[in-house]
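Asker: Right, I'll just put the structure down here and ask away after.
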Amino acid sequence: MGRRIGIYFGTDTGRTRRIAKLIAQKLGALVGDLAEAPLNINRVTVDDFLARDVLILGAPTYGDGELPGLATGLAQESWAEFLPRLEGRDMRHQTVALFGLGDQDKYGGEFVDALILLHGAVVACGARVVGFWPTDGYSFKASQALIDGRFVGLALDQINQPQLSEARIDAWLQQLAGELVK
Ligand SMILES: Cc1cc2nc3c(=O)[nH]c(=O)nc-3n(C[C@H](O)[C@H](O)[C@H](O)COP(=O)(O)O)c2cc1C
């Protein structure tokens, strides 16, 4: 990897923050202090966001398959407010990996849909997205977050499959390590 890695998350009830911390800790073991401490996206400026070589971005899905934000009932700004600020900015120098939290049982028709909204926003700015993830081992009806049958980032379900998350994160980080050097 060898480059500065920003880890930014949105959250309402804290699960995505805890996962971001776990990812940072595990990534730190792989790449040392290149992995920065995770920050809530509502504390990040666009200039800081654009200054990282690699971004690891995490979001839960809220509302009706939406990004977290004021419109889905959060008390603070989140991804829904941040992403529009990226419009027209240049991310061609950046590689992005995404992770999303959802509930495949209760929201099985829109599982981790917010991932595709993150994906669309950064791809529109020219970023390269790595870390697509297979659907094996999940049980859901539908997700907008699939391209060619794979999630556009790591899908985690802390409600129904919390016991699987750590192994998924480990495997995903190994995969990223390979994809980031390309
Ligand atoms: C009102 C509400 C709507 C939700 N909508 C979705 C959804 O559309 N798709 C999904 O996969 N999960 C959905 N979820 C599940 C959350 O994404 C999940 O609980 C997640 O772990 C929350 O993360 P956080 O603790 O970081 O806020 C919803 C949860 C709530 C309370």
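The values are calculated or read from the model by the stated rules, or taken from the named source; none is laboratory data. Just so it is clear, the structure is predicted and the values come from calculations on it, not from any experiment. So basically every Cβ, Gly included, is an ideal-geometry build from the backbone, and we count neighbours across all protein chains shown.
Asker: Between Pro60, Pro38, which is over 19 Å from Ile116 (Cα atoms), touching a Lys or Arg at 6+ places or on another chain (Cβ under 7 Å) and within 16 Å of the ligand (Cβ to nearest atom)?
Answerer: Pro38
Asker: Let me ask you something else. Kindly evaluate Gly58 against the criterion of being on the phi > 0 side of the Ramachandran plot and modelled with pLDDT of 95 or more.
Answerer: Here the answer is no, as Gly58 does not meet what is asked.
Asker: Let me confirm something: among Glu87, Glu81, which residue is without any contact (Cβ under 8 Å) to a residue 60 or more places away in the chain and surrounded by 18 or more Cβ atoms within 10 Å (Cβ to Cβ)?
Answerer: Numbers: Glu87 fails: surrounded by 18 or more Cβ atoms within 10 Å (Cβ to Cβ).
Matching residue, one of Glu87, Glu81: Glu81.
Asker: Test each condition in (1) away from the ligand (no atom under 16 Å from the Cβ); (2) under 15 Å from the mean Cα position of the chain (by Cα); (3) touching a residue at least 60 places away in the same chain (Cβ under 8 Å) for Asp12 and report the one that comes out false.
Answerer: All conditions pass for Asp12, except number (1).
Residue-by-condition table, conditions (1) of a type outside the set (Lys, Arg); (2) more than 18 Å from Ile147 (Cα to Cα):
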| site | (1), (2) |
| --- | --- |
| Leu34 | yes, yes |
| Val54 | yes, yes |
| Pro60 | yes, yes |
| Ser78 | yes, yes |
| Gln94 | yes, yes |
| Gly100 | yes, no |
| His119 | yes, no |
| Arg128 | no, no |
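Asker: Which is buried (at least 21 other Cβ atoms within 10 Å of the Cβ) and either touching a Cys at 6+ places or on another chain (Cβ under 7 Å) or at pLDDT 95 or above (or both), of Phe111, Phe140?
Answerer: Phe111
Asker: Hey, another quick one. Taking Leu176, is it within 13 Å of the ligand (Cβ to nearest atom) and either part of a helix (DSSP H, G or I) or surrounded by fewer than 19 Cβ atoms within 10 Å (Cβ to Cβ) (or both)?
Answerer: no
Asker: Residues of the stretch 137-172 being within 11 Å of Gln104 (Cβ to Cβ) and among the charged types (D, E, K, R), which ones?
Answerer: Of everything in the stretch 137-172, those that are within 11 Å of Gln104 (Cβ to Cβ) and among the charged types (D, E, K, R) turn out to be Lys141, Asp157.
Asker: Within the stretch 32-56, can you find the residues that are surrounded by fewer than 20 Cβ atoms within 10 Å (Cβ to Cβ), of a type outside the set (Asp, Glu) and either free of Cβ contacts under 8 Å to residues at least 40 places away in the same chain or part of a loop (DSSP other than H, G, I, E, B) (or both)?
Answerer: Gly32, Leu34, Ala37, Leu39, Asn40, Arg43, Val44, Thr45, Ala51
Asker: Would you say Gly109 is out of contact with any strand residue (DSSP E or B) (no Cβ under 6 Å at 6 or more places or on another chain), among the small types (Gly, Ala, Ser), farther than 20 Å from Leu86 by Cα and in contact (Cβ under 8 Å) with a residue 24 or more places away in the chain?
Answerer: Taking the combined requirement at face value, the residue satisfies it.
Asker: Quick one: in the stretch 139-172, which of the residues that are touching a Leu at 6+ places or on another chain (Cβ under 6 Å) and assigned to a helix (DSSP H, G or I) is nearest to the ligand (Cβ to nearest atom)?
Answerer: Ser165
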